[in-house]
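Have a look at the structure below, then the notes.
Each value in this text was obtained by applying a stated rule to the coordinates, not by laboratory testing. Since we're looking at a predicted model, the values are computed, not measured. As a convention, Cβ positions derive from the backbone with ideal geometry for all residues, glycine included, and neighbour counts pool all protein chains shown.
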Amino acid sequence: MAQRVFGSGDTVVKLKTVADYLNFYTSALAKQRFKLKYLDAFAGTGRIPFASGLPLLSEIDSIGVEVEHFIEGSARRALQIARPFDRYVFAELEAKKVRQLESLKSDFGNLTDRIEIWKSDANE
């Protein structure tokens, strides 16, 4: 299944920073009685294409490099944190990406009842 390659080397740093922040955030609020909700308004597919040996660049798509490897996107990283949120909402406009996001429910079976996937435009 082909997926457009995008981003830059900074994308990897950003994703790690997001995951670290989510772990710190849920740990800091663990003793509070808040219901924590995670919203990813541009969830994508949960995975980002990565051309082996090359950085994440939009130009890779135009030179015909076949993508065989993926890194985990923010949706998957949010589901992997040590102290899970009470609810996860992943919004994505493209139907094909929504179908791929649905696999998160089976991949993270212990969180299935907490995951909502919306086919919607986050800008609205």
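List the lysines whose alpha-carbon lies under 28 Å from that of Lys96, not counting same-chain residues fewer than 8 positions away? Leaving aside lysines fewer than 8 places away in the same chain, those within reach of Lys96 are Lys14, Lys16, Lys37, Lys105, Lys119. For segment 80-118, applying the loop criterion from DSSP together with a ceiling of 15 other beta carbons within 10 Å to the GluC sites (Glu not before Pro) yields Glu94.
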